[in-house]
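Taking it in order: structure first as structure tokens, then the write-up.
What follows is calculated from the coordinates using simple rules that are stated; it is not laboratory data. Quantities reported herein were computed from a predicted structural model and do not represent experimental measurements. Cβ sites come from the backbone with ideal geometry, for glycine too, and all protein chains shown count toward neighbours.
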Amino acid sequence: MSLAAALERTLHHEIPLSQAMGVRVTSYDGASLHLVAPLEPNINHKLTAFGGSLYSLAVLCSIRYLRPVKQDMKAECRVGEAEWGRFLRTLGRHDRARLALAVAIRRDGEPAVEFTGRYVVHG
């Protein structure tokens, strides 16, 4: 069995949402991961890809799992004053702005999960 096929089987077994979405691992070489999901089971009321499905597919490729979480999950995202101010000024001037946010879920005070996303706001 190829590395990609083994990873796909693991994703479907360990993360049932990936199977419901129809996620397929098209390639994986230990350094680069390529996932694909069909539109049909992931479509929204506007006949485009559902935002939650897009997010889930991206997260499967980019999230860092550092240690297991065996307690209630609490996510934390902080934005510095300077960064937030820059974001608001840009939004005010251009009617759109981007903001990179880092999210951490901790276990016993230590990072257990880390995720960084870039968000775009259109005014």
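Here are some notes:
- Semi-axis lengths, Å, segment 63-123, gyration tensor of Cα atoms, sqrt of 5 times eigenvalues: 30, 11, 8
- Global form of segment 1-62, assessed from the alpha-carbon gyration tensor, a/c cut-off 1.5: prolate
- Computed lengthening from residue 64 to residue 110, 0.36 nm per intervening residue step minus Cα-Cα distance: 15.2 nm
- Of the trypsin sites (Lys or Arg not before Pro) in segment 1-72, the ones in a loop by DSSP (not H, G, I, E or B) with at most 12 other beta carbons within 10 Å are 46, 70.
- FRET efficiency, residue 119 to residue 10 (Cβ-Cβ, R0 35 Å, nearest 0.05): 0.75
- Computed label-point distance, nm, for sites residue 74 and residue 103 using a 7 Å Cα→Cβ extension: 1.7
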